[in-house]
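Here is the structure we will look at, set down as structure tokens.
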Amino acid sequence: MKLVIVGHVDHGKSTLIGRLLHDTGSLPEGKVEAVRAMSERRGMPMEWAFVLDALQAERDQGITIDTTQIFFKTERRPYVIIDAPGHKEFLKNMVSGAASADAAILVVDAKDGVQEQTRRHGYILHLLGLDRVVVAVNKMDLVDHDEARFRQVAEDVRHYLAGMGIVPAHILPVSARHGDGLATLSDRMPWFEGPSLLQALDELQAKPLPVELPLRFPIQDVYKFDERRILAGRIESGRIAVGDTLLFNPTNTTARVRSIEAWAVDGPVMSASAGQSIGITLDDQLFVERGHVASHRAEPPVETNVFRARIFWLGRAPLETGRRYKLKLATMEHTVEVQAIERVIDVADLSQRPADRIERNEVGEIILRARAKLAVDPFVDNPRLGRFVLIDGYDMAGGGLVSMDGFPDQRARNEPTSQNITAVEHRVTTNARWQANGHKSGVLWLTGLSGAGKSTLAVELEQALFRKGWQAYVLDGDNIRFGLSADLGFAPEDRAENIRRVGEVAALFARAGTLVITAFISPYREDRDRARSVAPELFHEVYVKADLEVCETRDPKGLYKKARKGEISEFTGISAPYEAPVSAELEVDTGSLSLAESVERLLGYVEANFGLNGRE
């Protein structure tokens, strides 16, 4: 089990580790004497922190600069301790150290109690998905081993962690300098009936092994030896065997594993599992390069170019909406743009506030968009493909977790499954239909938040065009869900399928000569782009714009009130995202325009773009 030890600077993390290693007999011979001599030369009492603080700068300043890894064993299992720096200036090292941990020890000074760094480090544990936490209330000797003080600090810690959904496995009183409560219970605190620190660690349940998760094999590089083309990398999770059919993302091509190549191994290798660095050859010469991810077809990663992220920002310059950064996830590197900053979280009290930037050492929730589709996993499903870092210039500027809440998997699932089908060509051309109708046809796609006025504008426009003798028809979101999409709900995947169906139907209407006016929230930019791709020459996107506050004020169906009460899940603008168009053909701001002005603007656009000369 990998343990990260975190906490406020000077709360005694390194001292706790040094003494713990001594009490478990894990120090090499002569190390205790060397530390004692080192302490005496500096005129200090025995300083157990010197066991780990190997750098001269750390000894001189009394702080831990870099993460240090060291091993020890109990009767139950071996451990790797990751000592993470507590000083504010070295949070970057703390994040990178904690990222690989399975569980955490949060150290809190009994005298000082919960401090700024305690809260910040506690949130980092939450950010990295670490829910196996033991809290050590250290330096009990400085408060005369007082039970009431321990209870107060324990309650403060418990209350803060509860706000993030973390329930500590144990909260223990210890005195690391004197070894109280580490390997054995202390006679100085007879009032405490819980376990020692080592006993508490041994009680922690290990996380599922990576080998039990779906296969994720990021390609590190491709090598050519004699006639072989070897795809090399490290298996992050799952198993792979000769004969397996692999799916490669993001190309969505498949091939079978012909052989597994390993180094310093006698005889053929028939299988490999998580943690092993291997090479494979395939039975087909696919285009595969660094950053691609191999998986089994039955359990592929998510394919998307947009996702939510919880991020801890460490960059010199603030993270801002519209800025671009390099994202590194496993072996892939892609440029991503900050599409939105949804909120900044105050780690002191876990309050949230809207913001257009995230400053250094702040935590936030953002939406990132890439130009290409990425192969990722939500962190809660598979941490191995759910953690990433952002690079600003040449510096690691932030670390975060992938979340797909509110966004669908964009993996293509809509190819025809029927065989022996052939498209029928019409003898009546679209242009002939235009001449017969006296106007062009097309898809006028109205998108915007609920309450922005899409349906109202669509119906008014349809009526005005009908009076002019136009062939126009409205496809409205609610009406479609009574029939064509009656089997769909409002989960991200259902929303995507709903818009796919509407896009296909709208294109059929448009090719039949009708001007189709669609009124759908259609919250995902990717889905609207897919609808456009069905008939790109006929598609016109109209952004019916209104701020969320305006839409909530209108709330014609009472949906916002229900969503605010939690009675409607996955509600766009409240608990589900809305991605506004970047370059819509027309924008109608119903927050500032009256209904008549909005319809007039729409009607002018229609006549200019769909009318035939002299016959509008």
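Miscellaneous remarks
- Where ARG433 falls short, out of the listed (1) more than 47 Å from the chain's Cα centre (by Cα); (2) closer than 19 Å to LEU602 by Cβ: (2)
- Cβ-Cβ under 9 Å pairs, at least 6 apart or on other chains, region 494-510 side within 19 Å of TRP434 (Cα to Cα), far side open to solvent by 10 Å² or more (accessible area, probe 1.4 Å) and modelled with pLDDT under 90: ALA510/THR430
- Residue list for region 1-20, filter: within 9 Å of GLN117 (Cβ to Cβ) and under 31 Å from the mean Cα position of the chain (by Cα): VAL6, GLY7, HIS8, VAL9
- Residues of region 115-129 that turn out to be assigned to a loop (DSSP other than H, G, I, E, B) and either open to solvent by less than 30 Å² (accessible area, probe 1.4 Å) or without any contact (Cβ under 8 Å) to a residue 12 or more places away in the chain (or both), as a count: 2
- If you go through region 443-470 and pick out every residue that is among the basic types (Lys, Arg), assigned to a helix (DSSP H, G or I) and either free of Cβ contacts under 8 Å to residues at least 60 places away in the same chain or under 20 Å from ALA608 (Cα atoms) (or both), you end up with 1.
- The set of residues in region 504-526 being of a type in the set (A, V, I, L, M, F, W, C) and either under 20 Å from THR456 (Cα atoms) or not in a loop (DSSP other than H, G, I, E, B) (or both) consists of VAL505, ALA506, ALA507, LEU508, PHE509, ALA510, LEU515, VAL516, ILE517, ALA519, PHE520, ILE521.
For (1) part of a helix (DSSP H, G or I); (2) out of contact with any strand residue (DSSP E or B) (no Cβ under 8 Å at 6 or more places or on another chain); (3) closer than 30 Å to VAL288 by Cβ, each residue gets a yes or a no:
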| position | (1), (2), (3) |
| --- | --- |
| SER186 | no, no, no |
| TRP191 | no, yes, no |
| ASP202 | yes, yes, no |
| PRO208 | no, yes, yes |
| PRO218 | no, no, yes |
| VAL222 | no, no, yes |
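- Among the numbered conditions (1) closer than 30 Å to ARG530 by Cα; (2) touching a Pro at 6+ places or on another chain (Cβ under 7 Å); (3) at pLDDT below 95, the only one that LEU286 does not meet is (2).
- The sole residue among THR553, THR572 that is touching a Pro at 6+ places or on another chain (Cβ under 8 Å), among the polar types (S, T, N, Q) and modelled with pLDDT under 95 is THR572.
Each row is one residue, and each column tells you yes or no for (1) modelled with pLDDT of 95 or more; (2) among the small types (Gly, Ala, Ser); (3) buried (at least 19 other Cβ atoms within 10 Å of the Cβ).
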{"site": "GLY438", "(1), (2), (3)": "no, yes, no"}
{"site": "LEU446", "(1), (2), (3)": "yes, no, yes"}
{"site": "GLY453", "(1), (2), (3)": "no, yes, yes"}
{"site": "TYR473", "(1), (2), (3)": "yes, no, no"}
{"site": "ARG481", "(1), (2), (3)": "no, no, no"}
{"site": "LEU484", "(1), (2), (3)": "no, no, no"}
{"site": "LEU488", "(1), (2), (3)": "no, no, no"}
{"site": "ARG500", "(1), (2), (3)": "no, no, no"}
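- Residue list for region 546-565, restricted to those being under 28 Å from the mean Cα position of the chain (by Cα) and open to solvent by 60 Å² or more (accessible area, probe 1.4 Å): ASP547, GLU549, LYS562, ARG564, LYS565
- Cross-chain or 6+ apart pairs with Cβ under 6 Å, region 136-149 first and under 10 Å from ARG177 (Cα atoms), then among the β-branched types (Val, Ile, Thr): ASN138/VAL107; ASN138/VAL174
- In region 383-398, the residues that are outside any strand (DSSP E or B) and at pLDDT 90 or above reach residues that are of a type outside the set (Asp, Glu) and open to solvent by 40 Å² or more (accessible area, probe 1.4 Å) with C-beta atoms within less than 7 angstrom, at least six apart or across chains, in these pairs: LEU385/ALA330.
- Complete set of residues in region 134-161 that are open to solvent by 60 Å² or more (accessible area, probe 1.4 Å), part of a helix (DSSP H, G or I) and either more than 17 Å from HIS11 (Cβ to Cβ) or not hydrophobic (A, V, I, L, M, F, W, C) (or both): GLU147, ALA148, ARG149, ARG151, GLN152, GLU155, ASP156, ARG158, HIS159
- For region 263-275, residues that are surrounded by 14 or more Cβ atoms within 10 Å (Cβ to Cβ) and part of a loop (DSSP other than H, G, I, E, B) total 1.
- Cross-chain or 6+ apart pairs with Cβ under 6 Å, region 539-560 first and within 20 Å of ASP478 (Cβ to Cβ), then crowded, with 21+ Cβ neighbours inside 10 Å and among the basic types (Lys, Arg): VAL544/LYS454
- Sole residue being free of Cβ contacts under 8 Å to residues at least 40 places away in the same chain and β-branched (Val, Ile, Thr), chosen from VAL376, VAL344, VAL380: VAL344
The values are calculated or read from the model by the stated rules, or taken from the named source; none is laboratory data. These numbers were taken from a predicted model, which means no experiment stands behind them. Here Cβ is always computed from backbone atoms with ideal geometry, including for glycine, and neighbour counts include all displayed protein chains. Ligands, DNA and RNA are stripped out before the accessible areas are found, and what is left, the full protein with its side chains, is counted by its heavy atoms. Shrake-Rupley method; radii C 1.70, N 1.55, O 1.52, S 1.80 Å.
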